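Reading through the structure tokens given below for one structure.
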Amino acid sequence: MPTTNPGALAGLRVLDLSTLLAAPQIAAILGDFGADVVKWEPPGGDPLRRIGAQRDGRSMLWPYINRNKRSVVLDLDTPEGARALRGLAAGVDVVVANHPEPVLRRWGADRASLHALNPDLVVVSVSCYGTDGPYADRFGNGSLAEGFAGLTHLTGAADGPPTLPSLPLGDSLTALSGVIGVLLACRNREVLGGGGQHVDVSMYEPVLGLLGPTIAGWDPGAAAPARTGSRVAGGVPRNVYRTRDGHWVVVSGTTDRQVARVLGVIGRDSAEDHERFGTSGARLAAADELDALVAAWVVGHDRADVVAALVAARIPVAPVNDLAALLADPHVAARENLRTVATPEAGGVLMPAPAPRLSATPGRIGAPGPAVGEHTAEVLAEFGVEA
């Protein structure tokens, strides 16, 4: 599709040998910013086409996870398919894969084989536990990564069970980690002359990185941090509060200056109140009391009034939005964060816009997920490959 903005990654060729959620999102994000992504599919199509929400028997997830890609069908268990794969790998800059190493070796797509074919190749492997260590051969996914890396233990009510998020957080974090790895490896190759390399993306390590502040604040000789619901141990008020009209807001104003303004808004502006809650050490000793005072004030007002009052006082506050509220929000609309993309198989599919926003070379969704093998002949001819 012609465009005046080819994208910041124009000219970067990517072969996506992966499946399901985490690894294919690495290639999709690269495609958002101009990379030419070739998506390999086995005969019959990628399994993701048959998973998740459906409309008229067509996956609504497929067009999003595999946007900005061209589909090539190859049977990699045949000599012809394996030969075509080698031809594609010889002509790309990046390969993304998440199949077990024995399968990749059978296809001739393991790291050693690919680098022998193309020494400048950036090879991205995605797995739950990484390519070395005692758990390297274990199967896993984003949910297991969240549990293993400690996030699940810290999520949920203090007196409730560990809780998984209601979305594939681990998979999306893995994708962002993989994109960072690709960009670093490509800069090393193209600017520093370092050649190709392996980008080992485990699914649990990006989740572990989320816990950085908690880990840094923990003395290993003390009890391990526990669940605190929507509160945090080092700051108050920070919670989700119910409003009079049955909605919810997030308030997170934990500095001394913010708390001073909170006390004024909720009508607790006396010298005694400021002495009790005005400094971090003092209010942490009375954290339950301050949290309850804020909750009592919030529940006495409608959400719009709570947000207006706290915004006016420069206290960090936001409504807790569901997707319908987000779609109707004027700020989301102004920044075009949600876009309905026409797809040939599933109709209009709502998708988040590419982020971050670049001023000169912004990301774009040029095409939704392709039909099975839609571009096989085109791509093989372009790469000079016979199947």
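Net charge within 15 Å of residue 131 by Cβ-Cβ distance, Lys/Arg positive one each and Asp/Glu negative one each, not counting residue 131 itself?
-3
Kindly provide the helix-only [θ] at 222 nm of the chain, computed as the sum of -39,500 (n - 2.57) over DSSP H runs of four or more divided by all residues, to the nearest 500 deg cm²/dmol?
-10500 deg cm²/dmol
If R0 is 56 Å, what FRET efficiency do you get for residue 188 and residue 308 from their C-beta distance, rounded to 0.05?
0.65
If you build the convex hull over the alpha carbons only and average its shadow over all orientations, what do you get for region 69-120? Give it in nm² to one decimal.
Numbers: hull surface 14.6 nm².
Average of the hull's projected areas for region 69-120 equals 3.6 nm².
For region 1-83, report the convex hull volume of the alpha-carbon atoms normalised per residue, in Å³, without decimals.
Residue-normalised Cα hull volume stands at 110 Å³.
Starting from 0.36 nm per residue, how many nanometres of slack lie between residue 381 and residue 51 once their C-alpha separation is accounted for? Please report the intermediate quantities before stating the final value.
Details: separation 330, 0.36 × 330 = 118.80 nm, distance 3.12 nm.
Stretched fully, the residue 381-residue 51 segment lengthens by 115.7 nm.
Where both residues lie in the chain, what percent of DSSP beta bridges are antiparallel, nearest 5? Before the final figure, lay out each step's value.
Details: 17 of 39 bridges.
If we restrict to bridges inside the chain, about 45 percent are antiparallel.
By how many nm would the segment from residue 116 to residue 242 lengthen if fully extended, with 0.36 nm per residue of separation less the alpha-carbon distance?
The span from residue 116 to residue 242 would gain 39.4 nm if fully extended.
Any chance you could run the full-extension gain for residue 226 through residue 318? It's 0.36 nm times the residue separation minus the Cα-Cα distance, nm to one decimal.
So the extension gain works out to 30.6 nm.
Which of 309, 334, 23 moves most in a GNM of the chain, Cα contacts under 10 Å?
Greatest mean-square fluctuation among the candidates belongs to 334.
Could you state the accessible area per residue of the chain in Å², with a 1.4 Å probe and every protein chain left in place?
Here the per-residue accessible area is 50 Å².
With label points built 7 Å along Cα→Cβ from the Cα atoms of residue 215 and residue 172, find their separation and express it in nm.
2.2
What net charge is computed for the residues neighbouring residue 275, neighbours being all others with C-beta under 14 Å from the C-beta of residue 275, Lys and Arg scored +1, Asp and Glu -1?
Numbers: positive: 268, 276, 283; negative: 256, 269, 272, 273, 289.
Charge balance near residue 275 sits at -2.
Leaving out ligands, DNA and RNA, and with a 1.4 Å probe, what % of the accessible surface on the chain is carbon or sulfur? It would help to have the intermediate numbers written out before the result.
Working: 10970 of 19270 Å².
Result for the chain: 57 percent of the exposed heavy-atom area is carbon or sulfur.
If you take the alpha carbon radius of gyration of region 295-387 and divide it by 2.2 N^0.38 Å, what ratio comes out, to two decimals?
Compactness ratio reported: 1.77.
The values are calculated or read from the model by the stated rules, or taken from the named source; none is laboratory data. Here the structure is a predicted model, which is why all the values come from computation and not from measurement. Reconstructed Cβ throughout: ideal geometry from the backbone, glycine too, with neighbour counts over all protein chains shown. The accessibility values were calculated without ligands, DNA or RNA, using every heavy atom of the protein model including side chains. Shrake-Rupley method; radii C 1.70, N 1.55, O 1.52, S 1.80 Å.
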